[in-house]
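So the structure is just underneath, and the comments pick up after that.
Each value in this text was obtained by applying a stated rule to the coordinates, not by laboratory testing. This is a predicted model, so every value here is computed, not measured. Cβ sites come from the backbone with ideal geometry, for glycine too, and all protein chains shown count toward neighbours.
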Amino acid sequence: MPNANDKNSLDMDRKELIRLKEQCLAQARQYQNQIDLMDKLILSNVSDTLIDKSNRDWKEDFSHENGNYRNNCGKCGNHFYGHKRRVRCKLCSF
Ligand SMILES: [Zn+2]
């Protein structure tokens with residue numbers, strides 16, 4: 001019966017497509033896990049290595065009276081050097 005054979009081959013194609021789709025999904029999940037891991041590593045290293053810590057300092061304040069205080073940034077929480085009235089590090093102020 002040609003009709004039955006056509007239907008069977010269609011079912012086979014569909015099963016094969018579903019199987020291939022599952023394989024793609026599994027790979028996509030693996031990639032997503034790797035991307036998530038890279039994001040974590042990038043973010044955890046940013047404050048220590050990628051950003052020069054001294055970029056947070058207000059170097060132009062240093063020559064002023066009270067210009068070389070160790071402050072904590074109200075936004076990022078990192079310490080920086082600058083005028084004692086500064087509330088944010090330089091990186092967070094722009
Ligand atoms: Zn900051």
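The table below lists the values:
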| item | result |
| --- | --- |
| Likely footprinting exposure, HIS83, HIS64, fewest C-beta neighbours within 10 Å first | HIS64, HIS83 |
| Distance-filtered residues of segment 57-90 - backbone nitrogen under 18 Å, label point 7 angstrom along LEU43 Cα→Cβ | 75-78 |
| Karplus-derived HN-Hα couplings along segment 13-23 (A = 6.51, B = -1.76, C = 1.60, θ = phi - 60°), whole Hz, x at Gly and Pro | 4, 5, 4, 5, 4, 4, 5, 5, 5, 4, 4 |
| Fully extended contour minus Cα-Cα distance, from ARG14 to SER54, at 0.36 nm per residue | 8.4 nm |
| Environment charge of ASP57, counting only residues whose C-beta is closer than 13 Å and scoring Lys/Arg +1, Asp/Glu -1 | +4 |
